Amino acid sequence: MRYVVTAQEMRQLDAMTIDEIGLPGAVLMETAGRAVVRVVRDLLDELPSRAARVAVVCGAGNNGGDGYVIARCLRGHGVDATVYLATDQDRLSGDARLHFDVYRKLDGRVVSIADNRSLAEHAAAITSADLVIDAVFGTGLSRAISGHYGQVIETINQSRGIVVAVDIPSGLMADTGQILGPAVEAAHTVTMAFLKIGLVSAPGFVRSGTVHIAEIGIPESLARDRGVSVQLLETADLAALVPAVSPLDHKNRRGHVLAAAGSPGKRGAARLLAWAALRSGAGLVTVAAPWSSTGSDRELQVPDPVMTARLDSDGRNADPVRSLVELCNGKRVLAIGPGMPTSPGGKALVCGALAEIEVPAVLDADALNHVADDLGRVARARCPVVMTPHPGEAARLLASTTADIERDRVHAIRRLASQSRAVVVLKGPRTLVCDGRDDSAQVTINPSGGPALATAGSGDVLTGIIAALIAQNLDPGDAARLGVYLHGRAGDRAAQTLGPRSVTAADLADHLPFAFAELDAASPVKDSGHRSEQAIRSDF
């Protein structure tokens, strides 16, 4: 896994490197700028014209300081590079001022775009450049951009050339990925030392393009020692979690999943869950749900390898909770919620199960809504619990709003995990996982998946995957992390053949074998060659 830091953590790591290790800030800035230059030169080498022009758009802070180093080094390599200064020179200070002065002493070209008039005068030169470097704002941005700086960013976005952001695209909030007014749309981002949350979480990753991690002299051990608690999942980490396949396997050894899912009118949720569980290696799956007393629905319709059991969640049985507890005998995991009734009987079933069962439980869909009025039920459960809410369900669980959840997804999942003491999967682009059983509040970001997952039943498939992995004796936290990655990769693979608009939840389940095959071919030593939709590179 790769460490992912907040803006404050990055400032602290910078300060520790300067004060404790002894690398001056000006040296770190020089190293950072040269790292960007290596990426830029590779990009320029791919252009048909060797006489490329580069526009380096700089702000007042240290991000601008990196820009002066970049322009100076590019000019030293014979590249036609010009600094476009979006602020008054008098505002420059510290290491940024030092590198600006060095650039000027070496006859570096500076064009002022410090006001709207001068910006309008030189906008065409910026937008017609072969490559534009965004060195306006760094990770310290915390308020919405407007006015002149907004116009500067809009000018960068109108460029016909390649846009490369320094550390983070200007206009993104480093800690959340939220877009603060106008934001640069980068094709590449060269970030210093560590990934930032805003680069790899939604919605910021969409603006960041291919992310290159530049080694600038800050030891990775500092992040570990400081207890950085957000990480990006990587293929090698997940490959080690995949349950091994043995010639001695049999269906009972692979585990039995019990799915309390589906009801009249919502049978498809149970079928998707069951099929995904089988595709993910579960040896046996039983679907337990209420049956209709008349018509073709008198017995559940499920895929041929799936067993069924009658479960009356509306109170017509003497004790439906007792029936569910008895059905858990011999099972390794209970998946509950998809397609289940929204009635008081359904709520009683979910709450009763949490109070009595001992096998791990995966809660999704209406099972989450049934516990929303008292998360303490989950915290007090006798069994380990995995919850898989989408942002709307998370909002109900936290008595909040979907907008609040999306505004800071890392903060939201930590709150939910802490209050529930459960493993929480916050679904959405760049799904997050946080294990509430661990006081470290470690959050992992999943890099796989895309728009192909935005289809009805996608969450039911994810529930089946996670349940199957738990049935194969994975820890619930590991099952959640591996499950979201496999779910995303199945979507990626399905989109390659069907297109992202045409993928259905059934297609996700049927493409799981390809996702497993990728991980089977991978190891911490030898990568399978897979690249996720947003490339993350560390070439330095």
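Here are the numbers for the structure shown:
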| read-out | value |
| --- | --- |
| Ala259 long-range amide H proximity, modeled H, under 5 Å | Thr286, Val287, Ala288, Ala335 |
| Principal-axis tilt of helix 94-105 within the chain, Cα atoms, nearest 10 degrees | 50 degrees |
| Inter-label distance for Gln89 and Lys251, nm, one decimal - labels placed 7 Å from Cα along Cα-to-Cβ | 8.1 nm |
| For segment 321-339 versus segment 148-207, the gap between their alpha-carbon centres in whole angstrom | 47 Å |
| HN-Hα J in Hz across segment 437-444 - Karplus 6.51, -1.76, 1.60, θ = phi - 60°, x for Gly and Pro | 6, 10, 5, 6, 6, 5, 10, 10 |
| Stretchable slack from Ala521 to Arg104, in nm (0.36 nm times residue separation minus alpha-carbon distance) | 144.9 nm |
| Computed P(r) (all Cα pairs; the chain; 10 Å bins; percent) | 4, 18, 25, 21, 15, 10, 6, 2, 0 |
| Which of Arg501, Arg109 has the fewest Cβ neighbours within 10 Å, and the rest in rising order | Arg501, Arg109 |
| Full-extension gain in nm, Asp225 to Thr402, via 0.36 nm per residue minus C-alpha separation | 60.3 nm |
| Average projected area [Cα convex hull, segment 432-515], square nanometres | 5.3 nm² |
| Exposure proxy order (Cβ contacts within 10 Å, fewest to most) of Leu354, Leu508 | Leu354, Leu508 |
| Tilt relative to the chain, helix 7-16 - C-alpha long axis, 0 to 90 degrees, to 10 | 60 degrees |
| Extension gain, Gln158 back to Glu356 (0.36 nm per residue minus Cα-Cα distance, nm) | 65.2 nm |
| Length-normalised contact order for segment 235-537 - Cα pairs under 8 Å, 6+ apart - percent | 20 percent |
| Estimated vicinal HN-Hα couplings, Hz - segment 238-244 in sequence order (Karplus 6.51, -1.76, 1.60; Gly, Pro = x) | 6, 4, 5, 8, 4, x, 5 |
| Computed helical MRE - 222 nm, the chain, DSSP H runs ≥ 4 contributing -39500 (n - 2.57), nearest 500 | -12000 deg cm²/dmol |
| Inter-label distance, nm, simple model (7 Å from Cα along the C-beta direction), Ser440/Ala124 | 5.8 nm |
| Proxy reagent accessibility, fewest Cβ within 10 Å first, across Ile133, Ile445, Ile168, Ile18 | Ile18, Ile445, Ile133, Ile168 |
| DSSP beta bridge pairing in segment 2-221, given as percent antiparallel to the nearest 5 | 5 percent |
| Crossing angle, helix 147-157 versus the chain [Cα axis fit, 0-90 degrees, rounded to tens] | 80 degrees |
| Computed E for Gln12/Ser418 - FRET, C-beta separation, R0 25 angstrom, nearest 0.05 | 0.60 |
| Sum of side-chain charges, Asn369 neighbourhood, beta-carbon under 13 Å (Lys, Arg +1; Asp, Glu -1) | -2 |
| Under 5 Å, built H, 5+ apart or other chain: amide partners of Val230 | Val4, Val443 |
| Whole-angstrom gap from segment 444-487 to segment 381-399, using each part's C-alpha centre | 15 Å |
| Nonlocal amide H pairs with Thr431, under 5 Å, H built at 1.01 Å | Asn446 |
| In sequence order, calculated HN-Hα J values of segment 175-184 (Karplus, 6.51, -1.76, 1.60; Hz; x Gly/Pro) | 7, 10, x, 5, 8, 9, x, x, 9, 5 |
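Read-outs throughout are calculated quantities, based only on the coordinates presented, and are distinct from any laboratory measurement. From a predicted model like this one, the values you see are computed outputs, not experimental measurements. Counting neighbours? That spans all protein chains shown, and the Cβs are built from the backbone with ideal geometry, glycine included.
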